[in-house]
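All remarks here apply to the structure that follows.
Read-outs: derived from the displayed coordinates by stated rules, not from any lab. Only a predicted model underlies this, so the values are computations on that prediction, with no experimental measurement involved.
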Amino acid sequence: MWWNSYASATVQSTAKNFIRSSDSAFTHTYRAYIKTTECGELKLRFWCSNLVDSTWADGSESSANLIGGTWKIESAYIADGGRLPDGSVVEGTQVPVTFDSSVARLVMPGEQFWSDAARINIPKDHYLAYSWTVTTLSAGVSFPYNTEGPLVSAYDAPGHAAGQISADGFQQSGNCLFLPDFIGCEREAAKRIAFLGDSITQGVRTRPDAYEFWVARIAEGLGSENSVWNLGSGWARAYDAATNKAWLSKAKLNDEVVIALGVNDIGTTGRSASQLLGDLQTIVSSLKGSHNEMSVILCTVPTFNFTEEQELVWRIVNQAIRSRAITGVDRIFDIAEVLSQEAPRDNLLIPEYMSNEFDAHPNGEAGAAVALAFLAWYGMGDD
């Protein structure tokens with residue numbers, strides 16, 4: 001398996017929580033700018049999955065494990081995106097991405113596949129630009145992607161523009177990040193660590209291109225001997241992962257998985273404490289059963305300014321997590337303690353950590369606090 005020699009090349013999440021649906025067939029180009037964890041000469045491979053990972057909103061438009069339609073990759077390129085992600089790429093740096101030695105590839109419903117290896121030089125403080133032109137073959141559903149407040153600069157253009165150097169015709173994408181599911185760099189990694197969570201893990205509401213969310217800051221602190229794959233996905237629930245299909249299968253490919261789920265189960269779907277705890281147990285048991293070396297870290301459920309019945313469920317679940325009611329967990333990280341106000345107002349996020357006065361998504365300051373606490377706790381080797 002290629003997984004054995006390729007580690008995640010970015011801490012930006014590329015999890016899929018939505019699926020494209022259109023009234024007619026179309027050809028369109030998508031270009032995104034990613035900060036890579038390594039710089040210099042890189043050997044990259046890209047893995048794609050034509051499946052939705054997690055549920056969006058109330059699930060009426062997109063839900064976990066939906067199968068993508070039939071679509072075609074017309075061409076794909078990587079390039080030095082320069083220091084400014086403005087829609088253009090550095091001339092002379094474009095490298096075609098091929099699939100079984102072909103520039104084009106027909107993607108079938110539910111299919112998963114690798115690209116060939118591609119070599120590129122990305123100077124320090126420059127972005128990797130990934131561009132691809134895709135064609136849908138009919139009306140209806142086609143490719144899965146991530147929709148949420150953008151965390152990286154992404155652009156799109158009508159027609160065949162993947163090989164284009166300039167930004168002409170490109171416009172900033174509106175809540176659409178369409179990338180391969182795994183951007184891998186060939187290198188030896190002492191440990192592959194996945195962070196499985198919702199928008200809080202993904203980093204939603206932090207500043208675009210700033211990489212100031214807690215998973216990004218933790219990855220920087222862990223150093224190059226570890227690789228981090230961010231599987232955070234906006235609106236995701238524990239029961240999405242508990243289906244043990246598309247999303248959780250990605251987590252199983254790692255040596256260690258950090259689980260930070262439950263906010264949307266409580267706040268969006270109103271699940272009970274017993275239901276959420278049951279889903280968390282299923283996730284942990286599935287991960288531990290995937291291979292003997294698997295290590296699982298379970299986070300308490302971050303507060304999302306829960307009140308009344310939701311607060312009660314949140315308290316019951318976190319008490320159970322802290323008392324190790326979920327069997328198979330190797331370690332517990334109390335992220336709620338870092339983000340919460342002092343008791344008895346610990347159901348509320350520290351005001352300075354809120355994205356704005358109405359939004360309880362943790363901001364960059366909160367990301368720094370969580371990362372500092374996690375790294376100190378992680379190195380101690382106990383809870």
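Listed values for the stretch 337-348 are Karplus-derived 3J(HN,Hα) couplings in whole Hz (6.51 cos²θ - 1.76 cosθ + 1.60, θ = phi - 60°), namely 4, 6, 8, 8, 6, 5, 4, x, 9, 6, 6, 10, and x replaces Gly and Pro.
Dimensions of the stretch 183-275 along the principal axes, based on C-alpha atoms and rounded to the nearest Å, stand at 42, 30, 19, largest first. For the options T93, T206, T55, a Gaussian network treatment of the chain with springs between C-alpha atoms closer than 10 Å singles out T93 as fluctuating the most. Give the angle, between 0 and 90 degrees and rounded to the nearest 10, that separates the Cα long axis of helix 273-288 from the longest principal axis of the Cα atoms of the chain. Approximately 60 degrees, to the nearest 10. Here the 3J(HN,Hα) profile of the stretch 245-256, calculated from phi with Karplus coefficients 6.51, -1.76 and 1.60 at θ = phi - 60°, is 10, 3, 5, 5, 4, 5, 4, 5, 7, 9, 7, 9 Hz, Gly and Pro shown as x. When the chain is treated as a GNM, springs tying every alpha-carbon pair under 10 Å, which of P150, P123, P180 comes out with the largest mean-square fluctuation? Answer for the Gaussian network model of the chain: P123. Annotation: amide H-H contacts under 5 Å for Y145 (H modelled 1.01 Å from N, sequence separation of 5 or more, or interchain): N17, F18, I19, R20.
Does the stretch 199-356 classify as rounded, prolate or oblate by the C-alpha gyration tensor (a ≥ b ≥ c root eigenvalues; a/c under 1.5 gives rounded; else a/b over b/c gives prolate, otherwise oblate)? Working shown, then result.
Values: a/c = 1.63, a/b = 1.12, b/c = 1.46.
Oblate shape, in that a/c is at least 1.5 and b/c is the bigger or equal ratio.
Largest mean-square fluctuation among S166, S62, S153, in a Gaussian network model of the chain whose springs join Cα atoms under 10 Å apart, belongs to S166.
Provide the convex hull volume over Cα atoms per residue for the stretch 294-334, in Å³.
Numbers: hull volume 2.5 nm³, N = 41.
Enclosed volume per residue, from the Cα hull, is 60 Å³.
Short to long, the 10 Å bins of the Cα pair-distance histogram for the chain hold 5, 25, 35, 24, 10, 1, 0 percent of all pairs.
Calculated translational diffusion coefficient of the stretch 288-383 (25 °C, 0.890 mPa s; Stokes-Einstein with Kirkwood radius over alpha-carbon pairs) equals 170 µm²/s. In order along the stretch 212-219, phi translates into HN-Hα couplings of 10, 6, 5, 5, 5, 5, 5, 4 Hz, rounded to whole numbers, per the Karplus curve 6.51 cos²θ - 1.76 cosθ + 1.60 with θ = phi - 60° and x for Gly and Pro.
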